[in-house]
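Written below as structure tokens is the structure these notes are about.
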Amino acid sequence: MLMDACCTYFEESVNPSNVCELIKIAYSNNFEELKQKCLKILVEKKKEINPRKFAELPKNILIDFFTLFNL
């Protein structure tokens, strides 16, 4: 229950300024909906995201991003 509440909170509060932190949480906890929402923000709002934080994302997340970005 608590995990669901946390996931819902994260999904509602994700934005370009916190997406890099939240996508790592989503991947490490297998929060599929949050993952998809974060990836969508990364693709659609990439110019608003801190490039340093973006560059520090794990490779598996970057691969998913570039796969979506190139569609």
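Worth pointing out:
- Within the range 11-71, the GluC sites (Glu not before Pro) that combine a DSSP coil assignment with at most 15 other C-beta atoms in a 10 angstrom radius are GLU56.
- Per residue, the chain reaches -22000 deg cm²/dmol at 222 nm when only DSSP H runs of four or more residues are counted, each adding -39500 (n - 2.57).
- Remark: the range 2-69 carries a charge dipole of roughly 380 debye about the Cα centre, counting +1 on each Lys and Arg Cβ and -1 on each Asp and Glu Cβ.
Each value in this text was obtained by applying a stated rule to the coordinates, not by laboratory testing. Not measured: the values here are computed from a predicted model. Glycine also receives a Cβ, built like all others from the backbone with ideal geometry; neighbour counts cover every protein chain displayed.
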